[in-house]
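Asker: Below are the structure tokens for one structure; questions will follow.
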Amino acid sequence: MAEGKILTLNMGPHHPATHGVLRLVLELDGEIIVKATPHVGQLHRGIEKIAENMNYQQVIPLTDRLDYTAASLNNLGYCLAVEKLLGIEVPKRAQYIRVIMGELARIMGHHLWIGSHALDIGAMTVVFYTFRDREMIMNITEEASGYRLTPSYLRIGGLAKDVTPDFVKFVRDFVKWFPTALDGYNTLLTDNIIWRKRTMGIGKVSAEDAVNYGFTGPTLRGSGVPYDIRKVKPYSSYDDFDFQIPVGENGDVYDRYLVRMEEFAQSLKIIDQAIENLPEGPVNVDNPWVANPNIGEVMEDISALIRRFKIQCEGPHAPEGEIYQSVEGSKGELGFYLVGDGSEHPYRMKIRSPCFILTSALPKMVVGQMIADVISIIGSIDIVLGEIDR
Amino acid sequence: METAVLYELLRMLISVVLVVAFVFINALIMGYLERKISAHIQRRPGLMEVGPHGILQLVIDGLKLIGKQLIVPKDADRTLFRAAPLLSFAPVVLPLIVIPFSPKLQVRDFDVGLIFILAISSLNVLAILMAGWGSNNKYSLFGAMRSVAQNISYEIPMLLSLLAVILMTNTFSMQGIVQAQGKIWFFLVQPVAFLIYIVASFAETNRAPFDLPEAESELTAGYHTEYSGMGFSLFMLAEYANMFVVCSIATVLFLGGWHGIPLPFGAYSGAIWFFIKAYGLMVFMIWVRWTYPRTRFDQLMNFCWKYMIPFALVNLLVTAVLVKL
């Protein structure tokens, strides 16, 4: 093709459909993409470096800001990593509540995904209905932690506090209501002929390519690989629950859409089981170097007071060693690699971001497609720039 | 003799003023309806602040837009950039001259009324092309390219579907077409033509699901990305007026124009029926826009050339044969 025929189009970082601040430089032949170059880093905050100068507890709010659409899952990944380094395990009740918060966060992340994905393809109304239901989860999160978007509810060795009876009621209400809402989303999109035409056969990734690129999460499962950390390496009592891993066949935008739609239902199933079988007991580990002593003890016992002071100021001291712990985030395998050096700071923290890896495959997925397809492909891999740039 | 000419001149002047005023009023009504209906579809209250239920919001918005600076981007073609909004506005005002709102309420009944409308409204494409080219912006250029391709292809099935009606009425006069529907409205006789016309008119007015020239998630705002103030509002006025024109054509050709059960308002009942029908169609267009996703450019063209045009042709052929029998 002659050089002069190619038009370079700069899409983003302030384009309405690039999900934050992704910048794509597209080389176009007419409306067909010849080459695409993603530029990331516009939202870089240096979270991994900042974490090196903070104690282990203080890093938790930073992890909220990774994938801010599903913040509790990031907390979960980080807390599990630190607990693995410390060699402790949290009580069963805390594990169940963590699962509930994590799955609610996953639904919240998927709500934002389907809303913005539909908005990108031109269905303007879906997002308002998903946000109605997202609001319910926000209220549940607020009831548990006091915060809505960035709860920081999980702590190393357990939770910030136990849940209230209202929390249980709200979760039950949500479990009862959500199938109706899900039907509504399906009515608006799944069988819509324009939606199918826009998504079927677009942005195909074969199972082999997906594995080679290092895809994880719904995008990998859309290509037909049944890989889910919750099943492969169960953490936080996930092996107690009965749930399926939905997989697609063709690896196109529509299959990824179907996989995520089914994940809504599966997450709901997990939440239902967890809330109905919520065990009694404490929510923090019985370890004096990790968990805060309760306030009554502090008032009476001078050693408890000192211990509380030490934990508040320094937090736990992790032993020397390095570990890797991953959880199934709402976008894929969210991994935390931690190196402890015996002090209260992590010596090094490295975050394995699923979105970063998905973005790296974007140039391959969009070549040969049209501009409108670029938008739907970006929507279907569901990237969050807060996690890519960290 | 002299007074007759003067009288005619005065009538023309008043008509033109009224028509232009109507375009503005139509934009106010449609802007309000669009925002309010979309709000209710999306379960939010919508306009609430200015006036009861926000009915004065659009007036305030209009004043704000008039007060804004018209920014011409660097390296833009200034002449084309400034001329484009005006050119897009003119062709949507002219068709209103021949639309029969009631048996009497019509500026001028041409013998070639329908052809006049179709000829004039095709000029809109030129304005969009000028805006897209003159803006010196790649997104605008893409919007303009899509718009030209789309409008030109969809004019064909639109014309073919209208021709089927013309074969039955033997007149291009808008008043004549309405009068021919005294007994039965043509959407019952010509359902295929009606369907094709409605779909084509969505594409013709750049409304969702065929709003590709201004697809905001792909092309930010398409051909009017660079426009501000009155430049932008003239495009919006033109869009709403264009919607009114295509819905009026549908009303005149398929829904019996001003025919309807006599209302207690006597002489005005024809005009009231006309506006009810036209605005009903426009509300339908709003409803569709806020419910369906957007099609892709090549799918839109495929749909036109592979389905709409063959169906319209067959429909025209069948009509011709049946009329001859």
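Asker: Using label points projected 7 Å from each Cα along Cα→Cβ, tell me how many nm separate B:SER228 and B:VAL16, to one decimal.
Answerer: 3.2
Asker: For B:286-298, what's the mean count of beta carbons from other chains sitting within 10 Å of each residue's beta carbon?
Answerer: 6
Asker: Let me check something: with ligands and nucleic acids excluded, how do A:SER330, A:SER360, A:SER116 order by accessible area (1.4 Å probe), largest to smallest?
Answerer: A:SER360, A:SER116, A:SER330
Asker: Give me the percent of accessible area attributable to carbon and sulfur for segment B:74-324, probe 1.4 angstrom.
Answerer: 73
Asker: Let me ask something else about it. Just subtract the alpha-carbon distance of B:ASP109 and B:VAL283 from 0.36 nm times their residue separation and send over the number in nm, one decimal.
Answerer: Taking B:ASP109 through B:VAL283 to full extension adds about 59.9 nm, to one decimal.
Asker: I would also like to ask the following. Comparing the chain by itself with all protein chains present, which residues of segment A:353-390 are at least 30 Å² less accessible (probe 1.4 Å)?
Answerer: A:MET370, A:ILE371, A:ALA372
Asker: Can you work out the Karplus-derived ³J(HN,Hα) for every residue in segment B:308-325? Use 6.51 cos²θ - 1.76 cosθ + 1.60 with θ = phi - 60°, whole Hz, and x for glycine or proline.
Answerer: Ordered by residue, 3J(HN,Hα) equals 4, 5, x, 4, 5, 5, 4, 4, 5, 5, 4, 4, 4, 5, 5, 5, 5, 5 Hz.
Asker: Could you list which residues have their amide H under 5 Å from that of A:LEU28, counting only those 5 or more apart in sequence or on another chain, with H placed in the peptide plane?
Answerer: A:LEU7, A:THR8, A:LEU9, A:VAL34
Asker: Ignoring everything except DSSP H segments at least 4 long, calculate the 222 nm mean residue ellipticity for the protein assembly as shown; use -39,500 (n - 2.57) per segment, divide by total residues, nearest 500.
Answerer: It lands at -18500 deg cm²/dmol.
Asker: Scan around A:HIS39 for amide H atoms under 5 Å from its own, H built in the peptide plane at 1.01 Å from N, and keep only partners 5 or more places away or cross-chain.
Answerer: Hits under the 5 Å cutoff: A:ARG23, A:LEU24, A:VAL25.
Asker: Quick one: among A:LEU159, A:LEU43, A:LEU338, which has the greatest mean-square fluctuation in a GNM of chain A with alpha-carbon springs under 10 angstrom?
Answerer: Residue with maximal mean-square fluctuation among A:LEU159, A:LEU43, A:LEU338: A:LEU43.
Asker: Step through the residues of segment B:225-231 one at a time and calculate ³J(HN,Hα) from phi using the Karplus curve (6.51 cos²θ - 1.76 cosθ + 1.60, θ = phi - 60°), rounding each to whole Hz and writing x for Gly and Pro.
Answerer: Per-residue couplings from phi come out as 4, 8, 8, 10, x, 5, x Hz.
Asker: Right, something else. Normalise the Cα radius of gyration of chain B by 2.2 N^0.38 Å (N = residues in it) and let me know the number.
Answerer: Computed over Cα atoms of chain B, the ratio equals 1.02.
Asker: Report ³J(HN,Hα) in whole Hz for each residue of segment A:251-268, in order, from the Karplus equation J = 6.51 cos²θ - 1.76 cosθ + 1.60 where θ = phi - 60°; Gly and Pro get x.
Answerer: Values per residue, Gly and Pro as x: x, 9, 4, 5, 5, 5, 4, 4, 4, 5, 5, 6, 5, 3, 5, 5, 4, 4 Hz.
Asker: Another question, then. Amide H to amide H, which residues 5 or more places from A:ARG65 or on other chains are under 5 Å from it, using H placed in the peptide plane?
Answerer: Distant-sequence amide H within range of A:ARG65: zero hits.
The values are calculated or read from the model by the stated rules, or taken from the named source; none is laboratory data. None of the values given here were measured: they were computed from a predicted structure. Counting neighbours? That spans all protein chains shown, and the Cβs are built from the backbone with ideal geometry, glycine included. Surface areas here come from the heavy atoms of the whole protein model, side chains and all, with no ligands, DNA or RNA. Shrake-Rupley method; radii C 1.70, N 1.55, O 1.52, S 1.80 Å.
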